[in-house]
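The values are calculated or read from the model by the stated rules, or taken from the named source; none is laboratory data. Everything quoted here is computed from the prediction, not taken from an experiment. Methodologically, a virtual Cβ is constructed for each residue, glycine included, from the backbone with ideal geometry; neighbour enumeration extends over all protein chains shown. These area figures cover heavy atoms from the full protein model, side chains too; ligands, DNA and RNA do not enter into them. Shrake-Rupley method; radii C 1.70, N 1.55, O 1.52, S 1.80 Å.
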Amino acid sequence: MGFRLSLARVRAALSRIFGGKAAVPATLPPPPAVAAAEAVVVAAVDGPPVAHVPIEVKASPAVAEPETTPGLEVEPAAIAAAPDPDAERLLARCARLEGQRLELTTRLADMQQQLRRYEQQQYLALGEIVGECLRLRQEYLSLKAARSGTAADREQARQADEDFDAYRRSTEHTAAPLPELDEDEQDELRRLYRAAAMRCHPDRAAEAERAQAHEIFLRVQAAYQACDLAGLRGITAELAGLARHAQDTGAALEGAALAGSGVRRRVAELQTQVADLILAVQTLQLDANYRQAVQVDCWDSNFAEARAGFEAECEALRRQIASLEPVPA
């Protein structure tokens, strides 16, 4: 309304100056800046390009020209800046992407927790027999290489040494078994994780607080994967103890930034993060160990079958070692 009124006053001033000698068009063409703005096509983030609909700028016949006092100059009304028609849609897109990121982050953490539980149970069931099998392989291949002297046998013996040493190092700091939580405790663990992950995600923090947020986020991830309900409760209390004023200020600054020129960049960043999380979830779904980890009812039978195979291999290796050892004089 202010923009239309301003144009009407300009036309009235021209009429008074020229005294009716020059015809004034009924409708002035929009200024070059307005005409250029009308031709801009805004690329939609989640759909095809959407063009601005040109708006005809003309005087409203219902608005009467105000009377002026001779000698009193009337200031033209200020031209209001048009709001970005895409801002609301892009902010809604940001909110949806942040929700998707949280869901995918939680899902990936659930999958990693399940895989860790499976691997710990697997170690408890098979760790001893696997270590014995690797030791016997090392002994057998070392004897075989010493007897034959071939490069191929020496390479096999070297690889067996590395495998056995790597296994021993990996078992020196074996993580404690995950605690067993009942259904209510599992629900609380998941609820606390979602709330903490949303609150302390580094991408939601101000630049000066991003390092601290990243450190807390890693602690939240570790506590959740370890089923550490007490630890996650402590982190949640720590987050709740942060100054609310600082959080409100940060949220206000974030909203102002999103409402400005950085909104499209923010959407692009979130889209990349969501895509990376989808790829991580899909990659883990194809992992052979994870595909076994989700079949909880088959764990015992799978472990028993694997143990039988290792025991048979150990027995065969012992016979081969006996055949290669020199006969006492």
Note to self: Under 7 Å between Cβ atoms, which residue pairs at least 6 apart in sequence (or on different chains) link something in region 93-114 that is farther than 15 Å from THR283 by Cβ and part of a helix (DSSP H, G or I) with a partner that is acidic (Asp, Glu) and open to solvent by 30 Å² or more (accessible area, probe 1.4 Å)?
What the structure shows: ARG93/ASP46
Item checked: In region 109-127, the residues that are out of contact with any Leu (no Cβ under 6 Å at 6 or more places or on another chain) and more than 30 Å from GLU313 (Cβ to Cβ) -> ALA109, ASP110, GLN112, GLN113
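For residues in region 201-236 being in contact with a Leu (Cβ under 6 Å, 6 or more places away or on another chain) and not hydroxyl-bearing (Ser, Thr, Tyr), which is surrounded by the most Cβ atoms within 10 Å (Cβ to Cβ)? Spell out how you get there, then give the answer.
First, pick out the residues of region 201-236 that are in contact with a Leu (Cβ under 6 Å, 6 or more places away or on another chain): 223, 227, 229, 232, 236.
Okay, now just the ones that are also not hydroxyl-bearing (Ser, Thr, Tyr), so 223, 227, 229, 232.
Details: ALA223: 22, CYS227: 19, LEU229: 18, LEU232: 24.
The qualifying residue surrounded by the most Cβ atoms within 10 Å (Cβ to Cβ) is LEU232.
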Margin query: Among the residues of region 246-265, are any of a type in the set (D, E, K, R), assigned to a helix (DSSP H, G or I) and at pLDDT 90 or above?
Written below: no
Check: What number of residues within region 129-160 satisfy the criterion of being under 22 Å from ARG307 (Cα atoms) and among the charged types (D, E, K, R)?
Finding: 4
Check: Of all the residues that make up region 164-200, how many are more than 22 Å from the chain's Cα centre (by Cα), open to solvent by 70 Å² or more (accessible area, probe 1.4 Å) and in contact (Cβ under 8 Å) with a residue 24 or more places away in the chain?
Finding: 2
